[in-house]
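Before any comments, here is the structure.
Any read-out appearing in this document is the output of simple, stated calculations on the displayed coordinates, not a laboratory observation. For clarity, every value in this text was computed on a predicted model and none was experimentally measured. Every residue, glycine among them, receives a Cβ derived from its backbone with ideal geometry; neighbour counts consider all protein chains shown.
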Amino acid sequence: MQSKANRSGVLSCAVSALAIALPTFMPGVALAATPAADAPAPQAASPDADAPGIIVTGIRASIERAVSIKRNAASIVDAISAQDIGKLPDATISDSLQRIPGVQIRRDAGEGSTVNVRGLPQVVTLMNGESFLGAGSITSVQPNFTDIPSQLFSGASVIKSSTGSMLSAGISGTIDLKTRRPFDLKSGVHGAFSADGGSGSSTKKFDPHFNGLVSWRNDNVGLLISAAYSKDHLGNSYSGIQRDYGGRLADESLANATGYGGFRFDNPNRGTNVPGGIDVNGNGTATDSFFSPQAHTGWNRMTERERIGVNGSFQAHLSDTLEFVADGFYTKQNQYTGTSGFQMQGVNWQAADFVPGQSRDTGSLINGFHFNTTQKYNYTLQNFDSYSELNRAISDSTNLNAELRYKGEKLRLTLRGVYGKANYRLDNSYAQFSLSDGTQWFNGVGTYPASLGGNRIFNPLGYTYNTLPATVDYIGSSVNFTLPGQLTNELGNKSAYALKTISSEGNQRSNADMKVLRLDGAYEFNSSFNVEFGLRYGDRSAQQTVFDRAAPLYGGNGASNPAGCYVKWKAFDVQMNDPSCYANNASGQYLTAGLTRLATDPTLSGLLTQSSLPVGGVGSIYTINPMAMRDPLAFQNSFYPGNKEFVQPGQTFSVGFKQWSGFAQLNYAGEIGSMAFHANGGLRIINTSLHVIQHLAGSPQPYGLPNTDAGTLTTDRSFTDFLPAFNASLDVTSKLRLRAAVAKNMTPLNLDQWGGGLNLNYAIDTTTNPPVFHVAGGSSNGNPQLDPWRSTNYDVSLEYYLGRTSMISLALFRIDVKSFIQSATVMRSNIPDLDGVVRSTVPITTNVQGNGGKLQGVEVGGKYGFDFLPGWLGGFGIDANYTYSDSSSGNYDLSGAKEPFHDNSKHQINAALWYEKYGLQARVAWNYRSKRAEQSDFAGIAGMTLYQAPTNYVDASVSYDVNKQVTIFAQGSNLTKESEHYFLVWPDLKAFNNLYERRFQIGARARF
């Protein structure tokens, strides 16, 4: 018999090639200590122990290992396992994890990125059983796997019910990533190498991928190193409401329709006068209200990711009782995200400039008015811009691990140290062209120093402001624009474009480090009873600095500052008229903050590109090629030298996070009648200390600069959690296992939710003279007094094992959330505009404490290999599961429906049909998610919940074993070019669409 002791101890077998574990006492129960790991990973006897090669490969073998891990786990666990060295079932870790029941993922540029378990993002990520620090999650708890090469992992486990020995656990689940170690492989020298190339249906770039592994070991010493390199170009497009710009709720009352925040009084589309107000939608009454977006947009985006990863591992048997393990894991990623698009927006950001042209009464009342969804917007053209943006993100992370393991006859001990560090650097560059003649902006702009040409017309070929009708149509599956002929005739004419704005904002520097020291032990009293115990100290700190760049403009004569005034928005519609720092010409006229250049100007030679957009009615447009801004600072300085960094206090913070924790767990195995019974029960005690330094935003500054830094606020607090956990399993028959579990869990918040402050967005109102920068909204992310996520989890599962690749499972779960954090928008009426005057109430997105939420559901899964069928038919198999996850956050949307936890889909289906026979392997997988809530109180409107519509993704792969050493393969993802569609409460109030590309790759793997 075997025992589950020492999860990070000696590798029990190669069947999983996943975890370091001591022998299991009996299948499904922990009876010995797991000193150096938080996640159970007991192993069954290896099905490929006698195989002559490195490891049995293929779909069937990976499913066998996944079934074995689930069957022999001490709690409720699901797993994925590599089909071959360097080959998880899908292109990314996240894509593979979504095949597990209850796992939901989000996508970034079409690739899997963040992961939820059972509808919640409070998921802790481990590596080989201990904490892992990734560059994509420096301040967040939710894992982000975009910067981690999947080829370096042999698999991953998703632990859904905690044990007492798990000192790091998520609210809804814990993901344990498994790297390879030399004792996973057989004696001697072994290796593998893979190379492939891929491309996307829209990017059409050649993307190379390479990975390799070399390992040597004898009976006492082993060394392994693996590496992966990839360069990808990922495409996605967007159409619809410009999300970050928000919008306005406007009704048909006379006061609102003619007021500051309503439909513009000079808009000929506004409607007709009727008793009591303005009939905007033409139904003869003035009793309706509508949502009016601030802007509509369409863009194309290409993300270039160059990624490298290295994993090294050393193992040595120092004596009959001592073993030493050391691991190193390093990743580095350079990512360039370039966007080219257009935006159509109002000049007065506080008004409702888009008037409903087709609408529907929902029957819901807001402030006594019937709320109408809008399918078509009318607009008297004010502003139409093309723009490009480049975000350069450079990140790296290092994780080191060292373990000393003692294995005596009764006592087992593991001393383990872990160190991690990560860095993230984001740089932004933005450039905007306008096709207008500039008459929509106030008198007085267009004035330059004599050396720059003095006064000038903005754009002689541009269209005329506020005389041309336009529409935006959301009725069909895509967004369609009807633009005036004067504009559409100019879209293809480079001479009709004038450079209006250049800026660099939202730049970020983040870094973090992590230190863990733990001692774990186990003492086995007899074959049926043992105890595990352990102590752990963890220290994690993170710092984040966010800043904008600004350049000095117009120093010397006529300026209040001879060195010039620092300006973030070098824009034609920004006038240098602030009393604190101004610039004017010899006539006393204030100068314009930004030099207009026509697109034909020599300074723009070779920088422009022309692209088609994912909307109807808008042809090709000209923008600066985003990739011409790959060095954002150099690009900004090439137009406006001397850029300087100005820190945004509200997004700059430092958080120190320390934990002392310990556990004790009892493990028992016995019989109830003729049925084997296994149980473990334990208590975790975790003391958490926080040290939070927030930067306070002071007085506003002109020309888009961040508020001044008014000093720091330091908060120290601590709290202690007592977290019991109990797991039990009963073998009703040799094939049927019943499990039950209950546990209390605590998961820390994202560190920026404790440390972030108030950050404001400003928008210029050019309808006033002089113009005023109004507060358009903002975010307040941090509150050090917020409590962590806490819950009580209940699980019951029934598992029926039909064979090595076949099983059926049914699981019921309930998560009672005592405290949680949710995003909401609150209205603030005490925030002044940049001139110091409070004019309006503005929406501030913030985190609020939620209480009493719950999530419950059912998971049904099955794996079945048709081995019994004759001939080639015996190669087929299926792997399918369904998850029902019902949640309630305690909020309601405008329709009166309960708002679920954000990011949770009530229904999820995964189904894969696979085939393996005669050296041929093939797999087709389908993933379905029902709608999910993305954001509460969109644009500051209470109950205006943003939802994502249901999605379906189809992926496929095929490979052929040329011989025992060489395999050729091909893979396709998102074969149906699935898109993400978003709407506001009602499906016919459409918001925007994310459009992703189809991707293919082909290559070969070799083993020796």
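What the table shows:
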| item | result |
| --- | --- |
| 3J(HN,Hα) from dihedral phi, region 388-396, Karplus parametrisation 6.51/-1.76/1.60, rounded to Hz, x for glycine, proline | 9, 8, 10, 10, 9, 10, 10, 9, 8 |
| Spatial separation of Cα centroids for region 77-100 and region 378-450, in angstrom | 28 |
| FRET efficiency, 1/(1 + (r/R0)^6) with R0 30 Å, evaluated for LYS977 and VAL214 via beta carbons | 0.15 |
| Net charge over other residues, Cβ less than 15 angstrom from the Cβ of GLY119 (K, R count +1; D, E count -1) | +3 |
| Extended-chain gain in nm, criterion 0.36 nm per residue less alpha-carbon gap, SER495 and THR792 | 100.5 nm |
| Members of LYS898/LYS990; LYS205/LYS421; LYS854/LYS977 lying beyond 23 Å, as alpha-carbon distances in this model show | LYS205/LYS421; LYS854/LYS977 |
| Cut-off 20 Å, label 7 Å out along Cα→Cβ of ILE685, residues of region 133-170 by amide N | 163-169 |
| Convex hull per residue volume in Å³, alpha carbons only, for region 368-495 | 363 |
| Value of relative contact order over region 850-1008, rounded to a whole percent, pairs C-alpha under 8 Å and six or more apart | 15 |
| Length added when fully stretched, THR439-PHE525, from 0.36 nm per residue minus Cα-Cα | 22.3 nm |
| Separation of alpha-carbon centers, region 648-712 and region 934-994, rounded to whole Å | 31 |
| Within region 872-904: backbone nitrogen closer than 17 Å to the VAL924 label point (7 Å, Cα to C-beta) | 873, 875-881 |
| Entries of LYS231/LYS863; LYS87/LYS931; LYS332/LYS931; LYS178/LYS332 with Cα pairs more than 28 Å apart | LYS231/LYS863; LYS87/LYS931; LYS332/LYS931 |
| Helical mean residue ellipticity (222 nm; -39500 (n - 2.57) per DSSP H run of 4+; nearest 500) of the chain | -1000 deg cm²/dmol |
| THR841-ILE457 FRET efficiency (beta carbon distance; Förster radius 45 Å; 0.05 resolution) | 0.75 |
| Cα radius of gyration and Dmax for region 183-264 (Å) | 28.9, 87 |
| Virtual paramagnetic centre 7 Å along Cα→Cβ of LYS204, amide N under 12 Å, in region 603-619 | 612 |
| The chain: relative contact order as a whole-number percent, Cα under 8 Å and 6+ apart | 11 |
| For region 859-950: rounded, prolate or oblate by the Cα gyration tensor [a/c cutoff 1.5] | prolate |
| When the chain is reduced to its Cα atoms, the Kirkwood hydrodynamic radius in Å | 30.3 |
| Potential extension, LEU869-SER587 segment - 0.36 nm per residue separation minus Cα distance | 92.2 nm |
| Residue-by-residue Karplus 3J(HN,Hα) for region 618-635, coefficients 6.51, -1.76, 1.60, Hz, glycine and proline x | 10, x, 5, 10, 9, 9, 5, 4, x, 6, 6, 10, 4, 9, x, 5, 4, 5 |
| Point-to-point label distance, ASP320-ALA897, nm (Cα→Cβ direction, 7 Å offset) | 6.8 |
| Kirkwood-Stokes translational diffusion coefficient of region 576-660, alpha-carbon pairs, 37 °C, 0.692 mPa s, µm²/s | 184 |
| Electrostatic dipole magnitude of the chain [Cβ: Lys, Arg +1; Asp, Glu -1; Cα centre; debye, to 20] | 1620 |
